[in-house]
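Nothing in this text is a laboratory measurement; each read-out follows from the coordinates by a stated rule. What you see is a predicted model, and the numbers here were worked out from it, not measured in a lab. Cβ sites come from the backbone with ideal geometry, for glycine too, and all protein chains shown count toward neighbours.
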Amino acid sequence: MASLSVKPGQRFTLPDWQNNAHRISADAEHQRSTSHQIRQEARALRNDTGNQARWDECDTRTRLKDRITSVDRWREVLAKCLTDIDLEIDALTKVKEAAEDALQAKNLCLDVAIECLMFRESRRDIDVVRDPVEEELHREVKVIEKTKKELQQRVDEAFKQLCLLKEARQQLNCDHRHKVEALELDRQCLSFNVTSGNISFKVNPTRIPDGTTALREWELNSQCNKDRADAEMKASIELRGAIMLTIAQTNNELEAQRIATEFALRKRIRDMEGALSELRWQEKNTLEEIAEMEEDIRQLEEDLRKRTLDLKVAHTRLETRTYRPHVELCRDQAQFGLTGEVQDLEAAIRALQQKRTESQNALDALYRQLHRIQTDIGYKTNSLQLDNKCMDTRRKLVIPVEKFDPEVDAVNRTRNLPRNSQLEL
């Protein structure tokens with residue numbers, strides 16, 4: 001009779017089989033749950049990072065557009081300022097040339113006056129007198145030399161102002177060129193997107209390059225360049241007006257008559273008396289101010305002494321409280337109050353000391369000014385005495401008005417000489 005063969009190996013019970021199936025099912029459920037959670041988190045992360053990236057890119061584009069608008073506005077302002085300064089340079093150049101032409105024209109007048117004086121040096125015997133004609137000729141030479149000096153000074157001022165204008169223009173042009181380049185770069189940055197062919201990773205792109213400036217400094221630089229250009233243009237406009245006025249005045253001075261000596265001397269005496277009165281009034285007020293300043297300095301020193309005593313008291317209180325035992329050595333409200341009091345007293349003492357120094361300096365300046373006033377009073381008193389002596393001496397020169405000879409215009413008289421006149425040389 002044949003026997004049933006039994007397969008060797010471990011045998012599991014039915015509960016083991018059921019438990020294994022249940023464990024496999026539970027593990028599968030857990031893995032699917034974990035996977036589902038990870039998928040949900042990944043989707044949320046993708047949404048968050050995508051939204052943040054789009055928001056950041058939109059914010060960056062908005063900032064770039066705002067920056068482009070700001071830079072472009074400054075570019076327009078600088079461009080207009082460049083146009084204005086170019087016009088002002090041309091206008092000042094023309095006025096400078098007009099002043100140079102007027103200066104050149106004075107040479108002919110000077111040559112005529114000197115030539116007339118040389119002719120009159122050939123007079124003989126009794127005719128060699130210092131008559132009104134000679135005086136007018138000498139006065140004319142002085143007036144011409146004075147006008148030439150004034151015109152030359154105006155020409156020099158115009159040249160210096162032109163240099164300043166060109167320097168300001170160079171700064172404006174440099175700033176304008178830099179803003180054009182910055183606009184081009186920012187517009188190029190604005191045009192970049194994920195499909196651009198020239199994008200790539202860079203080494204340390206968030207670094208701060210050398211020479212980086214703050215936004216406030218950037219604005220101040222452009223504003224300073226514009227303000228300087230405006231100031232130079234304003235100065236140039238004023239200088240052009242002054243040059244034209246000088247040209248007109250110098251042309252009129254060649255035809256003007258000198259004010260009578262007695263009138264000028266009387267006016268000088270009146271001015272001197274007025275100046276002496278003003279100086280004496282200033283001396284009186286300065287002495288009063290010195291007395292008040294000295295009193296204020298004494299009061300400042302008294303207040304400084306009082307504040308120093310108060311500070312000593314506060315220091316002593318603070319030092320005494322440092323000997324409190326154990327836990328009693330705490331920073332209580334009294335400690336804070338004493339500390340604040342010391343700080344306030346030290347600040348008050350510093351302020352009083354600084355004000356005392358300023359007051360003493362002001363007092364020294366008042367004493368120096370008083371010395372200058374008293375010295376000037378002595379000078380002007382002596383000058384007034386001399387001018388009064390001159391007036392007393394000139395009284396014997398007074399003659400009736402109808403006997404005065406009209407003053408001679410040397411230039412016109414020379415030009416009106418007959419064609420057949422002969423001069424003995």
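With R₀ fixed at 30 Å, the C-beta to C-beta distance from Trp17 to Gln37 puts the FRET efficiency at about 0.45.
Give a quick list of trypsin sites (Lys or Arg not before Pro) in region 15-115 that DSSP marks as loop, anything other than H, G, I, E or B, with at most 10 other Cβ atoms within 10 Å.
Details: sites: Arg23, Arg32, Arg39, Arg43, Arg46, Arg54, Arg61, Arg63, Lys65, Arg67, Arg73, Arg75, Lys80, Lys94, Lys96, Lys106; in loops: none.
Hits after loop and neighbour filter: nothing returned.
With equal scatterers on the alpha carbons only and no solvent term, can you work out the Debye log10 of I(q)/I(0) for region 300-382 at 0.15, 0.16, 0.23 1/Å? For the requested q values the scattering log ratios are -0.69, -0.73, -1.02. Loop-located trypsin sites (Lys or Arg not before Pro) in region 274-346 (DSSP state not H, G, I, E or B) with no more than 16 neighbouring Cβ atoms inside 10 Å: Arg331. With the charge dipole of region 17-116 set up from +1 on Lys and Arg Cβ and -1 on Asp and Glu Cβ about the Cα centre, the Cα lying farthest toward the positive end among the listed residues Gln40, Trp74, Leu87 is that of Gln40.
Charge dipole of region 46-103 (Cα centre as origin; +1 on each Lys and Arg Cβ, -1 on each Asp and Glu Cβ, all else neutral): 580 debye, rounded to the nearest 20. Here the dipole of region 173-255 is about 540 debye; that uses its Cα centre as origin and unit charges on the Cβ of Lys and Arg (positive) and Asp and Glu (negative). Take the Cα of Gln369, step 7 Å toward its Cβ, do the same at Glu283, and the gap between the two points is 1.7 nm. Using R0 = 30 Å, the C-beta based FRET efficiency linking Leu190 and Ala231 works out to 0.25. Taking region 58-88 and a reference point 7 angstrom along Cα→Cβ of Asn173, the backbone N atoms nearer than 11 Å belong to 86.
Dipole of region 1-98 computed with +1 at Lys/Arg Cβ and -1 at Asp/Glu Cβ about the Cα centre; of Gln10, Ser25, Ala53, farthest Cα towards the positive end is Gln10.
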